[in-house]
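**Student:** Here you go, one structure.
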Amino acid sequence: MAQRVHILVDADACPVKEEIYRVAYRLEVPVAIVSNAHLRVPAHPLIERVTVSDMFDAADDWIAEHTDAGAIVITADILLADRAIKAGAAAVIGPNGRPFTANSIGSAVAVRAIMSDLRAGGDRVGGPPPFAREDRSRFLSALDEAIQRVRRRSG
């Protein structure tokens, strides 16, 4: 059975929520904005605010539990991306527009673990580059493409 496309957003620190809303309105795709804190979201029938507890990984757990073959998951969290892929997400996209795939997630998880170990050992390692206009543009293209791909596959 074909799954209806929907977007699940790891929203607490997501810099592209406005872009997601615009795409959702234009393509009529439902969106769940999932966060640990009460976030303002547009009053629109396509947009659902899901506020989970402040327990560690509560938002990730909710997203992983609601991921299916029609889900497009938006997250910068590599471990959540891994869970979403394993749960069968149609697509997992970082806010910078870079996709997480079954082929790329293993190395991303490994690099994350190495960086975490270096930080724990006191090493100073840089974080991700600053969010740029090109990231927004790449994200919009990736989200549009993912929605169209899921719709084609679903018939």
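The values are calculated or read from the model by the stated rules, or taken from the named source; none is laboratory data. No experiment lies behind these values; they were computed from the predicted model shown. Glycine gets a Cβ as well: all are built from the backbone with ideal geometry, and neighbour counts include every protein chain shown.
**Student:** Tell me, yes or no, whether region 4-21 has at least one residue that is touching a Phe, Trp or Tyr at 6+ places or on another chain (Cβ under 7 Å), part of a loop (DSSP other than H, G, I, E, B), free of Cβ contacts under 8 Å to residues at least 40 places away in the same chain and not aromatic (F, W, Y).
**Tutor:** No, every residue in region 4-21 fails to be touching a Phe, Trp or Tyr at 6+ places or on another chain (Cβ under 7 Å), part of a loop (DSSP other than H, G, I, E, B), free of Cβ contacts under 8 Å to residues at least 40 places away in the same chain and not aromatic (F, W, Y).
**Student:** So, one more: Count, please, the residues in region 33-58 that happen to be free of Cβ contacts under 8 Å to residues at least 24 places away in the same chain, of a type in the set (A, V, I, L, M) and not in a loop (DSSP other than H, G, I, E, B).
**Tutor:** So the answer is 2.
**Student:** Kindly provide the set of residues from region 59-75 that are surrounded by fewer than 19 Cβ atoms within 10 Å (Cβ to Cβ) and part of a loop (DSSP other than H, G, I, E, B), ordered by number.
**Tutor:** Within region 59-75, H66, D68, A69 meet the criteria.
**Student:** Take the residues in region 62-88 that are in contact (Cβ under 8 Å) with a residue 40 or more places away in the chain and among the acidic types (D, E); name whichever of them is farthest from A142 (Cα to Cα).
**Tutor:** Per the stated criteria, the residue is D68.
This table checks each residue for (1) modelled with pLDDT under 95; (2) among the aromatic types (F, W, Y); (3) under 14 Å from the mean Cα position of the chain (by Cα); (4) within 21 Å of R151 (Cβ to Cβ).
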site	(1), (2), (3), (4)
L8	no, no, yes, yes
L27	no, no, no, yes
A32	no, no, yes, yes
V41	no, no, no, no
M55	yes, no, no, no
I78	yes, no, yes, no
A84	no, no, yes, yes
N96	yes, no, yes, no
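**Student:** Consider region 22-55. How many of its residues are hydroxyl-bearing (S, T, Y) and loosely packed, with under 14 Cβ neighbours inside 10 Å?
**Tutor:** The qualifying residues number 1.
**Student:** If you go through region 22-32, how many residues are assigned to a strand (DSSP E or B) and of a type outside the set (G, A, S)?
**Tutor:** 1
**Student:** Tell me the residue from A91, A2, A13 that is of a type in the set (A, V, I, L, M, F, W, C), modelled with pLDDT under 95 and under 20 Å from A146 (Cα atoms), please.
**Tutor:** Of A91, A2, A13, the one residue that is of a type in the set (A, V, I, L, M, F, W, C), modelled with pLDDT under 95 and under 20 Å from A146 (Cα atoms) is A2.
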